[in-house]
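Visitor: Got a structure for you, written out below as C-alpha coordinates; questions coming shortly.
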Amino acid sequence: MFLSAPCWAMEEIKIPMSVKALPGTKTIHLSATLYIPDGKGPFPLAILNHGDPRDKTKRENTVRFKNQSKAFVKRGFVVVVPMRRGFGKSEGTHAEGYGKCDNPDYYSAGLEGAKDIKATIDFMVQQPYVDRNRILLVGQSAGGFASLAVSAVNPDGVVGIINFGGGRGSIKDDFVCSPETLVWTVGEYGKRSKMPTLWIFTENDKHFPPSISKKMHEHYVSKGGTAKFVLLQSFMDDGHFLFLRDEWIPVWIPLVEEFLQSLKLLEHGAG
(Lines give C-alpha, C1' and ligand atoms only; values in the text may rest on other atoms or scores of the structure.)
Protein backbone atom coordinates (compact mmCIF):
# COMPACT_ATOMS: atom_id res chain seq x y z
CA MET A 1 0.00 0.00 0.00
CA PHE A 2 1.03 3.63 -0.42
CA LEU A 3 3.20 4.87 2.45
CA SER A 4 3.41 8.62 2.83
CA ALA A 5 6.13 10.54 4.65
CA PRO A 6 8.64 7.71 5.21
CA CYS A 7 11.12 10.15 6.74
CA TRP A 8 10.44 12.26 9.82
CA ALA A 9 12.16 14.38 12.43
CA MET A 10 11.50 14.86 16.15
CA GLU A 11 12.19 17.95 18.22
CA GLU A 12 11.18 19.54 21.51
CA ILE A 13 9.32 22.84 21.34
CA LYS A 14 7.72 25.38 23.68
CA ILE A 15 4.13 26.47 23.16
CA PRO A 16 3.06 29.87 24.57
CA MET A 17 -0.17 30.02 26.52
CA SER A 18 -1.88 32.98 28.14
CA VAL A 19 -3.23 32.33 31.65
CA LYS A 20 -4.93 34.46 34.28
CA ALA A 21 -2.67 36.30 36.70
CA LEU A 22 -2.80 39.26 39.04
CA PRO A 23 -3.17 41.67 37.47
CA GLY A 24 -4.49 40.55 34.09
CA THR A 25 -2.74 37.70 32.33
CA LYS A 26 0.72 36.26 31.83
CA THR A 27 2.36 33.98 29.29
CA ILE A 28 3.60 30.54 30.27
CA HIS A 29 5.03 27.81 28.05
CA LEU A 30 3.92 24.24 27.55
CA SER A 31 6.58 21.70 26.63
CA ALA A 32 5.78 19.55 23.62
CA THR A 33 7.30 17.00 21.29
CA LEU A 34 6.96 17.71 17.58
CA TYR A 35 7.15 15.16 14.76
CA ILE A 36 7.45 16.52 11.21
CA PRO A 37 7.18 14.47 8.00
CA ASP A 38 9.74 14.83 5.26
CA GLY A 39 8.54 17.29 2.64
CA LYS A 40 7.26 20.84 2.30
CA GLY A 41 3.64 20.45 3.33
CA PRO A 42 1.38 21.96 4.40
CA PHE A 43 0.40 18.80 6.26
CA PRO A 44 -2.70 17.99 8.32
CA LEU A 45 -2.05 18.30 12.04
CA ALA A 46 -2.65 15.64 14.70
CA ILE A 47 -2.49 16.67 18.37
CA LEU A 48 -1.99 13.69 20.70
CA ASN A 49 -3.14 14.32 24.26
CA HIS A 50 -1.97 12.38 27.31
CA GLY A 51 -3.89 11.16 30.35
CA ASP A 52 -3.65 12.05 34.04
CA PRO A 53 -2.08 9.23 36.10
CA ARG A 54 -3.65 8.21 39.39
CA ASP A 55 -0.19 8.46 40.95
CA LYS A 56 0.35 12.22 41.01
CA THR A 57 4.13 11.85 41.18
CA LYS A 58 4.03 10.48 37.62
CA ARG A 59 2.71 13.79 36.30
CA GLU A 60 6.31 14.96 36.07
CA ASN A 61 7.05 12.37 33.39
CA THR A 62 7.19 13.55 29.78
CA VAL A 63 4.93 11.67 27.37
CA ARG A 64 6.15 11.49 23.78
CA PHE A 65 3.93 8.83 22.16
CA LYS A 66 6.84 8.13 19.82
CA ASN A 67 5.53 5.11 17.93
CA GLN A 68 1.91 6.27 18.08
CA SER A 69 3.03 9.58 16.57
CA LYS A 70 5.05 7.77 13.93
CA ALA A 71 1.88 5.92 12.88
CA PHE A 72 0.26 9.28 12.13
CA VAL A 73 3.37 10.75 10.51
CA LYS A 74 3.44 7.81 8.12
CA ARG A 75 -0.06 8.82 7.12
CA GLY A 76 1.03 12.34 6.26
CA PHE A 77 0.48 14.22 9.52
CA VAL A 78 2.53 16.69 11.47
CA VAL A 79 2.15 15.46 15.05
CA VAL A 80 2.53 17.40 18.28
CA VAL A 81 2.32 15.92 21.78
CA PRO A 82 1.80 18.78 24.27
CA MET A 83 2.22 18.38 28.01
CA ARG A 84 -0.59 20.29 29.65
CA ARG A 85 -0.13 22.56 32.68
CA GLY A 86 1.22 20.67 35.66
CA PHE A 87 2.64 17.83 33.55
CA GLY A 88 6.17 17.10 32.39
CA LYS A 89 8.29 20.20 31.95
CA SER A 90 5.37 22.52 31.22
CA GLU A 91 5.00 25.70 33.20
CA GLY A 92 1.93 26.47 35.22
CA THR A 93 0.12 24.47 37.89
CA HIS A 94 -2.13 21.48 37.35
CA ALA A 95 -5.52 22.93 36.40
CA GLU A 96 -7.69 19.87 35.78
CA GLY A 97 -8.73 18.99 39.32
CA TYR A 98 -12.43 18.20 39.68
CA GLY A 99 -12.89 18.58 43.43
CA LYS A 100 -14.45 16.06 45.78
CA CYS A 101 -15.35 12.56 44.68
CA ASP A 102 -18.98 12.90 45.80
CA ASN A 103 -19.45 16.23 44.00
CA PRO A 104 -16.98 16.46 41.11
CA ASP A 105 -16.85 19.33 38.66
CA TYR A 106 -15.85 17.35 35.59
CA TYR A 107 -17.21 20.02 33.26
CA SER A 108 -14.73 22.68 34.38
CA ALA A 109 -11.87 20.18 34.59
CA GLY A 110 -12.40 19.22 30.96
CA LEU A 111 -12.57 22.81 29.80
CA GLU A 112 -9.30 23.59 31.59
CA GLY A 113 -7.59 20.81 29.66
CA ALA A 114 -9.24 22.12 26.51
CA LYS A 115 -7.54 25.49 27.04
CA ASP A 116 -4.11 23.86 26.78
CA ILE A 117 -5.13 22.02 23.63
CA LYS A 118 -6.53 25.23 22.15
CA ALA A 119 -3.25 27.03 22.90
CA THR A 120 -1.47 24.23 21.03
CA ILE A 121 -3.80 24.67 18.05
CA ASP A 122 -3.28 28.45 18.02
CA PHE A 123 0.50 28.03 17.99
CA MET A 124 0.69 25.22 15.46
CA VAL A 125 -1.56 26.84 12.84
CA GLN A 126 0.99 29.64 12.61
CA GLN A 127 3.59 27.20 11.31
CA PRO A 128 3.95 27.23 7.51
CA TYR A 129 4.06 23.44 7.25
CA VAL A 130 0.65 23.00 8.94
CA ASP A 131 -2.68 22.97 7.10
CA ARG A 132 -4.80 25.04 9.48
CA ASN A 133 -8.02 23.63 8.04
CA ARG A 134 -7.22 19.95 8.68
CA ILE A 135 -6.68 19.36 12.39
CA LEU A 136 -7.30 16.10 14.23
CA LEU A 137 -7.40 15.70 18.01
CA VAL A 138 -6.47 12.37 19.57
CA GLY A 139 -6.62 11.76 23.30
CA GLN A 140 -6.13 8.94 25.78
CA SER A 141 -7.99 8.80 29.12
CA ALA A 142 -8.07 12.35 30.56
CA GLY A 143 -6.62 13.50 27.24
CA GLY A 144 -9.58 11.96 25.44
CA PHE A 145 -11.93 13.67 27.85
CA ALA A 146 -10.20 17.04 27.35
CA SER A 147 -10.41 16.52 23.58
CA LEU A 148 -14.17 15.99 23.87
CA ALA A 149 -14.30 19.23 25.86
CA VAL A 150 -12.61 20.95 22.91
CA SER A 151 -15.46 19.69 20.74
CA ALA A 152 -17.78 21.82 22.86
CA VAL A 153 -16.01 25.01 21.77
CA ASN A 154 -15.55 23.96 18.11
CA PRO A 155 -12.28 25.75 17.26
CA ASP A 156 -11.67 26.58 13.62
CA GLY A 157 -9.87 23.89 11.65
CA VAL A 158 -10.60 20.92 13.91
CA VAL A 159 -12.40 18.37 11.76
CA GLY A 160 -12.54 15.34 14.06
CA ILE A 161 -11.63 13.77 17.40
CA ILE A 162 -10.49 10.29 18.38
CA ASN A 163 -11.19 9.38 22.00
CA PHE A 164 -9.26 6.43 23.41
CA GLY A 165 -10.79 5.43 26.74
CA GLY A 166 -11.64 9.01 27.67
CA GLY A 167 -13.08 9.95 31.05
CA ARG A 168 -12.36 11.42 34.47
CA GLY A 169 -12.79 10.37 38.07
CA SER A 170 -11.36 6.86 38.12
CA ILE A 171 -9.51 6.74 41.44
CA LYS A 172 -9.13 2.95 41.57
CA ASP A 173 -9.93 -0.04 39.38
CA ASP A 174 -13.61 -0.39 38.54
CA PHE A 175 -14.60 2.69 40.54
CA VAL A 176 -15.50 6.12 39.17
CA CYS A 177 -16.47 9.09 41.32
CA SER A 178 -20.10 10.04 40.63
CA PRO A 179 -20.43 8.27 37.26
CA GLU A 180 -23.80 9.92 36.66
CA THR A 181 -22.04 13.31 36.74
CA LEU A 182 -19.47 12.06 34.25
CA VAL A 183 -22.24 10.90 31.91
CA TRP A 184 -24.05 14.24 32.26
CA THR A 185 -20.84 16.16 31.52
CA VAL A 186 -20.06 14.44 28.23
CA GLY A 187 -23.67 15.07 27.26
CA GLU A 188 -23.11 18.78 27.80
CA TYR A 189 -20.07 18.62 25.55
CA GLY A 190 -22.04 16.70 22.93
CA LYS A 191 -24.81 19.28 23.03
CA ARG A 192 -22.36 21.91 21.78
CA SER A 193 -20.18 19.81 19.48
CA LYS A 194 -20.36 20.17 15.70
CA MET A 195 -17.69 17.65 14.71
CA PRO A 196 -17.53 13.86 14.26
CA THR A 197 -15.82 11.78 16.92
CA LEU A 198 -14.57 8.20 17.19
CA TRP A 199 -14.63 6.51 20.59
CA ILE A 200 -12.43 3.44 21.13
CA PHE A 201 -12.85 1.50 24.38
CA THR A 202 -12.20 -2.09 25.47
CA GLU A 203 -14.15 -4.79 27.28
CA ASN A 204 -11.68 -4.84 30.18
CA ASP A 205 -11.08 -1.12 30.68
CA LYS A 206 -10.65 -0.95 34.46
CA HIS A 207 -10.92 2.84 34.51
CA PHE A 208 -14.09 3.21 32.43
CA PRO A 209 -15.73 -0.20 31.89
CA PRO A 210 -18.46 -0.75 29.28
CA SER A 211 -21.16 -0.09 31.87
CA ILE A 212 -19.91 3.52 31.96
CA SER A 213 -18.37 4.08 28.52
CA LYS A 214 -21.55 2.98 26.74
CA LYS A 215 -23.66 5.36 28.83
CA MET A 216 -21.25 8.22 28.14
CA HIS A 217 -21.47 7.59 24.41
CA GLU A 218 -25.25 7.20 24.42
CA HIS A 219 -25.72 10.45 26.33
CA TYR A 220 -23.24 12.33 24.14
CA VAL A 221 -25.20 11.29 21.04
CA SER A 222 -28.61 11.86 22.63
CA LYS A 223 -27.66 15.47 23.28
CA GLY A 224 -26.64 16.04 19.67
CA GLY A 225 -23.02 14.90 19.45
CA THR A 226 -21.79 12.77 16.56
CA ALA A 227 -19.85 9.72 17.71
CA LYS A 228 -19.03 6.23 16.55
CA PHE A 229 -18.45 3.86 19.46
CA VAL A 230 -16.15 0.85 19.10
CA LEU A 231 -15.78 -1.67 21.93
CA LEU A 232 -12.75 -3.86 21.39
CA GLN A 233 -12.00 -7.17 23.05
CA SER A 234 -10.06 -7.41 26.30
CA PHE A 235 -6.33 -6.67 26.12
CA MET A 236 -3.83 -7.89 28.71
CA ASP A 237 -4.62 -6.84 32.30
CA ASP A 238 -6.27 -3.49 31.58
CA GLY A 239 -7.51 -2.44 28.15
CA HIS A 240 -7.57 1.19 29.29
CA PHE A 241 -3.96 1.41 28.14
CA LEU A 242 -4.64 0.21 24.60
CA PHE A 243 -3.31 3.40 22.99
CA LEU A 244 -0.15 3.40 25.10
CA ARG A 245 1.04 -0.08 24.15
CA ASP A 246 3.18 -0.10 21.00
CA GLU A 247 2.27 -3.70 20.22
CA TRP A 248 -1.41 -2.76 20.04
CA ILE A 249 -1.01 -0.09 17.36
CA PRO A 250 -1.95 -2.64 14.64
CA VAL A 251 -5.19 -3.28 16.55
CA TRP A 252 -6.49 0.29 16.44
CA ILE A 253 -4.84 1.72 13.33
CA PRO A 254 -7.42 0.21 10.90
CA LEU A 255 -10.21 1.92 12.88
CA VAL A 256 -8.31 5.18 12.79
CA GLU A 257 -7.62 4.91 9.06
CA GLU A 258 -11.32 4.36 8.35
CA PHE A 259 -12.16 7.46 10.38
CA LEU A 260 -9.47 9.53 8.67
CA GLN A 261 -10.76 8.50 5.27
CA SER A 262 -14.28 9.59 6.25
CA LEU A 263 -12.83 12.99 7.14
CA LYS A 264 -10.87 13.14 3.84
CA LEU A 265 -7.64 13.29 5.80
CA LEU A 266 -6.20 10.30 3.95
CA GLU A 267 -5.81 10.66 0.24
CA HIS A 268 -4.15 7.26 0.02
CA GLY A 269 -3.89 4.17 2.14
CA ALA A 270 -0.89 3.58 4.38
CA GLY A 271 1.08 0.54 5.37
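The values are calculated or read from the model by the stated rules, or taken from the named source; none is laboratory data. Because the structure is a prediction, the values reported are computed rather than measured. Heads up, the Cβs are rebuilt from the backbone with ideal geometry, glycines too, and the neighbour counts pull from every protein chain shown. With ligands, DNA and RNA removed, areas are computed over all heavy atoms of the protein, side chains included. Shrake-Rupley method; radii C 1.70, N 1.55, O 1.52, S 1.80 Å.
Visitor: Sort the following peptides by mean Cβ neighbour count (other Cβ atoms within 10 Å, averaged over residues), highest first: 156-165, 15-24.
Guide: The most tightly packed comes first, giving 156-165, 15-24.
Visitor: How high is the relative contact order of segment 9-65? Use alpha-carbon pairs under 8 Å, at least six apart in sequence, and give a whole percent.
Guide: Relative contact order, segment 9-65: 29 percent.
Visitor: Find me the longest stretch of the chain that has none of the exposed GluC sites (Glu not before Pro), where exposed means in a DSSP loop (not H, G, I, E or B) with at most 13 other Cβ atoms within 10 Å.
Guide: Value returned for the longest uninterrupted segment is 1-202.
Visitor: Using the Cα centre of segment 214-271 as the reference point, and only Cβ charges (+1 on K/R, -1 on D/E), how large is the resulting charge dipole? Debye, rounded to the nearest 20.
Guide: For this selection, approximately 400 debye.
Visitor: Between segment 174-189 and segment 5-37, what's the alpha-carbon centroid distance in Å?
Guide: 30 Å
Visitor: Can I ask one more? Please give the Cα centre distance for segment 62-108 versus segment 214-271, rounded to the nearest Å.
Guide: So the separation of the two Cα centres works out to 18 Å.
Visitor: Hey, if we sort 185, 62, 57 by accessible area with the 1.4 Å probe, largest down, what's the order?
Guide: Details: 185 0, 62 55, 57 90 Å².
Sorted by accessible area, descending: 57, 62, 185.
Visitor: Could I ask something else about it? Cross-link list 26/194; 70/206; 40/74; 89/118; 26/115; 26/191: which exceed 20 angstrom alpha carbon to alpha carbon?
Guide: 26/194; 70/206; 26/191, as the Cα separations exceed 20 Å there.
Visitor: Under unit Cβ charges (Lys, Arg +1; Asp, Glu -1), what dipole magnitude, rounded to 20 debye, does the chain have relative to its Cα centre?
Guide: 600 debye
Visitor: Over the chain, what percent of the accessible surface lies on carbon and sulfur atoms, probe 1.4 Å?
Guide: 51 percent
Visitor: Accessible area per residue for segment 23-96 in Å², computed with a 1.4 Å probe and the full protein assembly in place, what is it?
Guide: Roughly 42 Å² per residue, with all protein chains present.
Visitor: Magnitude of the Cβ-charge dipole of segment 127-218, K/R +1 and D/E -1, about the Cα centre, nearest 20 debye? The partial results should precede the final answer.
Guide: Working: 10 positive and 9 negative charges, 48 e Å.
Dipole about the Cα centre, nearest 20: 240 debye.
Visitor: Under 10 Å, Cα contacts only: if you run a Gaussian network model on the chain, which one of 53, 250, 42 comes out with the highest mean-square fluctuation?
Guide: Greatest mean-square fluctuation among the candidates belongs to 250.
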